[in-house]
Amino acid sequence: MTGKTVVVPPPLQSPSKLRAFLRRRFTREGTLGLYLTVGFATCALLVVLISFVLDEATDLPAPTGYDRSVTLALRDLQTPALTRIFRAVTNLGDYRFLVPATLVASGALVFAGRRVSALLFLGSVVGGFALESILKIAIHRSRPDLWPALVTEKTFSFPSGHATMCSLFFGGVAAVVLHVTRRQAIRVAAIVAAVALIVAVDFSRLYLGAHWLTDVVAGTLLGLFWVVICATGTEYFARRGAVKR
């Protein structure tokens, strides 16, 4: 005998124990931890993507690459009919639509007895607007100037306020639908509608010459980031039994 202590590794977890662990993740108590983990991972991914886009948007003194090529390419697509369409579409990301729509949606949730959901939905829109405004002031990026824009904007360009706010609102509505119903068809329809509306508003900002591509991408990612935070908070309170499901 040498006197050395032999360390015996612990036995591998048996398949039955592993199945029991995974099964617990989908109980009321276990799913809470799983949901928070997924929410955290999603937020972390969105932060990485936002940082990448921010670096691309601020690294060079003048927009180049995709920003420049997309803006120039869209000039060739412009027609009077498309311009009328996208001027109407872009209003879905305007405060004159979003403010009353947010109040109506929040009021409907309160009326349905989902006060925490209403508060978090309202908070997501208001908080996202504040965050977007701070970034605009901090980065102070100029609007595209490769050709005369089809709309007049007086604020800074990065991130796109319309892209941020429509992602917050329509993404928030989809998140509320996912929270209040388990019907798969309704859930899928809510997600598809939200994605379609967000993409339409985003494209309208590029078509009208109001933003660079990176402005719109950053605004969308920022809005989704805030939606995930608020949706995770809603599910947390719901699964803790604080609100009616």
Q | Likely footprinting exposure, I229, I137, I186, fewest C-beta neighbours within 10 Å first | A | I137, I186, I229
Q) Label D145 and A196 with points 7 Å out from Cα along Cα→Cβ: what is the distance between them in nm? A) 3.9
(Q) I need C230, C166 ordered by Cβ neighbour count within 10 Å, fewest first. (A) C230, C166
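As an exercise, use a Förster radius of 25 Å and the Cβ-Cβ distance of R75 and E153 to find the FRET efficiency, rounded to the nearest 0.05.
E between R75 and E153, to the nearest 0.05, is 0.90.
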Q | Three principal axis lengths of segment 72-224 [C-alpha, angstrom, descending] | A | 50, 34, 22
**Q.** Pairwise FRET efficiency - T83 versus I137, Cβ, R0 = 35 Å, nearest 0.05
**A.** 0.70
Q: Report the FRET efficiency, 1/(1 + (r/R0)^6), for Y66 and I186, where r is their Cβ-Cβ distance and R0 is 25 Å, rounded to 0.05.
A: 0.10
Q: Return I198, I191 ranked ascending by Cβ neighbour count within 10 Å, so the fewest neighbours appear first.
A: I191, I198
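We did not get these values from a lab; they are worked out from the coordinates using the rules stated. Predicted model only: the values in this text are computed from it and were never measured. For neighbour counting, all protein chains shown are included, and Cβ atoms are generated from backbone atoms with ideal geometry for every residue, glycine included.
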